[in-house]
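Following: one structure in structure tokens, then a few remarks.
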Amino acid sequence: MDRLLGKTAVITGAGSGIGRASALKFASEGAAVAVTDIVAESALAVAEEVRSAGGTAVGFRVDVADDEALKELVDRPVREFGRLDIRFNNALTTAAGKKKRDVDFLEFDPAVFQEIVQVNVLGGVVAAKYALPHMLERGNGCILFTSSTSSLGGDVAQFSYGASKAMVNWYVQTIATVYGKRGIRCNAVVPGVIETPAMKAWASPEMNAAFMALQNVPRLGRPEDIANLACILASDEAEFMNGALYKCDGGMTAPLPFAQLQRDFLLPRHAGASTTS
């Protein structure tokens with residue numbers, strides 16, 4: 001396939017999970033890929049995967065909380081490949097390892113909030129600021145963000161994470177509004193429950209069963225599901241798609257809130273009823 005043939009893509013958080021799957025997918029569709037991650041060894045390993053599969057890639061460490069590193073995130077791929085077409089802001093943090101976890105609003109920690117926003121929001125927004133001049137010079141470019149279904153409604157935890165992704169949504173629509181007429185598109189993928197290595201590390205069988213109860217497909221999501229959507233959005237096939245939040249959540253957010261109550265209490269009552277009069 002050559003959906004991204006001749007294009008150069010930069011992906012953050014590409015050392016595992018959604019970022020890794022996206023790097024492999026973009027490369028398989030013809031893009032030269034800059035694989036970046038806060039863990040240098042992971043970025044280098046994924047870049048080697050891409051090259052072993054016949055693709056073109058360079059891997060290097062980037063901490064998206066570091067402004068100087070964000071400049072290099074743009075400058076190095078331009079030096080290596082001569083152009084920049086696609087910026088996929090996928091890196092994130094939930095600050096899950098902090099002493100004060102983001103699970104009790106009465107223990108809300110502004111420092112945790114600021115750390116999460118620095119990575120999840122500013123890491124992508126500032127990177128977009130540095131990428132835009134290269135794209136504007138050519139009159140074409142695509143900026144993608146990874147958002148979350150946590151941004152779409154109220155929650156009982158993740159008070160900083162969900163808010164950060166809601167901020168991402170605003171910037172997606174704003175970048176699209178400001179630069180869309182000049183050929184720059186900006187969209188977000190909105191994953192649901194995705195079986196990334198990080199998710200598998202903490203999810204129990206009971207939690208997986210609970211997640212399955214929320215799905216309206218027969219399985220949980222995979223990183224490749226998000227990569228496939230991101231690839232389409234990054235391609236010229238999506239040139240009329242701008243400023244939108246594209247859910248890939250297994251239909252988790254599709255039902256009305258009381259749909260499960262109907263399944264549990266109404267449908268069983270009629271399951272054995274006759275359909276004849």
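Phi angles of region 53-62 translate, via the Karplus equation with coefficients 6.51, -1.76, 1.60 and θ = phi - 60°, into HN-Hα couplings of 8, x, x, 10, 7, 10, x, 7, 7, 9 Hz per residue; Gly and Pro are given as x.
Remark on ARG87: its backbone amide H falls under 5 Å from those of VAL10, CYS142, ILE143, LEU144, a criterion applied only to residues 5 or more positions apart or on other chains, H modelled at 1.01 Å from N.
Pairs of alpha-carbon atoms within less than 8 angstrom and 6+ residues apart define the contacts here; what relative contact order does region 63-184 have, in percent?
32 percent
Using the alpha-carbon positions of region 187-249, Rg (one decimal) and Dmax (whole number) come out as 13.7, 42 Å.
Given an 8 Å cut-off on Cα distances and at least 6 residues of separation, report the relative contact order of region 47-124 as a percent.
Values: 53 pairs, mean separation 22.2, N = 78.
RCO, region 47-124: 29 percent.
Ordering LEU84, LEU233 by the number of other Cβ atoms within 10 Å of each residue's own Cβ, fewest first, gives LEU233, LEU84. Karplus-based coupling profile of region 78-91, in residue order and whole Hz: 5, 5, 6, 10, x, 6, 9, 10, 10, 10, 10, 7, 10, 4, with θ = phi - 60° in 6.51 cos²θ - 1.76 cosθ + 1.60 and x standing for Gly or Pro.
Our note on the geometry: Cα centres of region 24-94 and region 108-159, 17 Å apart.
Would you kindly state how much longer the chain becomes between VAL217 and GLU107 on full extension, computed as 0.36 nm times their sequence separation minus their alpha carbon distance, in nm to one decimal?
On the way: separation 110, 0.36 × 110 = 39.60 nm, distance 3.60 nm.
Extra length from VAL217 to GLU107 when fully extended: 36.0 nm.
Coupling constants for region 123-137 follow from the phi torsions by the Karplus curve (6.51 cos²θ - 1.76 cosθ + 1.60, θ = phi - 60°), and in residue order they are x, x, 5, 5, 4, 5, 4, 6, 7, 4, x, 5, 6, 5, 4 Hz; glycine and proline get x.
Modelled spin labels at ASP155 and SER204, positioned 7 Å past Cα toward Cβ, are 2.0 nm from each other. With each label point set 7 Å from Cα along the Cα-Cβ vector, what nm distance links GLN114 and LYS129? Label at GLN114, label at LYS129, 1.7 nm between them.
One way to sum up the overall shape of the chain is the equivalent ellipsoid from its Cα gyration tensor, whose semi-axes run 34, 22, 19 Å, largest first. Stretching PHE240 away from GLN260 to a fully extended chain increases their span by 3.6 nm, per 0.36 nm per residue minus the current alpha-carbon distance.
Using a/c under 1.5 as the rounded threshold, could you call region 109-267 rounded, prolate or oblate? The axes a ≥ b ≥ c are square roots of the C-alpha gyration tensor eigenvalues, and prolate needs a/b larger than b/c, oblate otherwise. Each step should come with its number before you reach the end.
Details: a/c = 2.17, a/b = 1.64, b/c = 1.33.
Prolate shape, in that a/c is at least 1.5 and a/b is the bigger ratio.
Stretching the chain fully between VAL78 and THR56 yields a gain of 6.5 nm (0.36 nm per residue, less the alpha carbon separation).
Counting each DSSP H run of 4 or more residues in the chain as -39500 (n - 2.57), what helix-only mean residue ellipticity at 222 nm follows after dividing by all residues, to the nearest 500 deg cm²/dmol?
Values: 10 runs with 117 residues, N = 277.
Here the helix-only value at 222 nm equals -13000 deg cm²/dmol.
Cross-link partners of LYS200 among aspartates and glutamates, defined as those whose alpha carbon lies under 18 angstrom from its own and excluding same-chain residues fewer than eight positions apart: GLU224, ASP225, ASP249.
Could you grab the relative contact order for the chain? Cα pairs under 8 Å, six or more apart, rounded to a whole percent. Mind dumping the intermediate values first?
Details: 521 pairs, mean separation 49.2, N = 277.
About 18 percent, as a whole number.
Since every read-out is calculated from the coordinates, none of them should be taken as a lab result. The structure displayed is predicted, hence computed values, not measured ones. Counting neighbours? That spans all protein chains shown, and the Cβs are built from the backbone with ideal geometry, glycine included.
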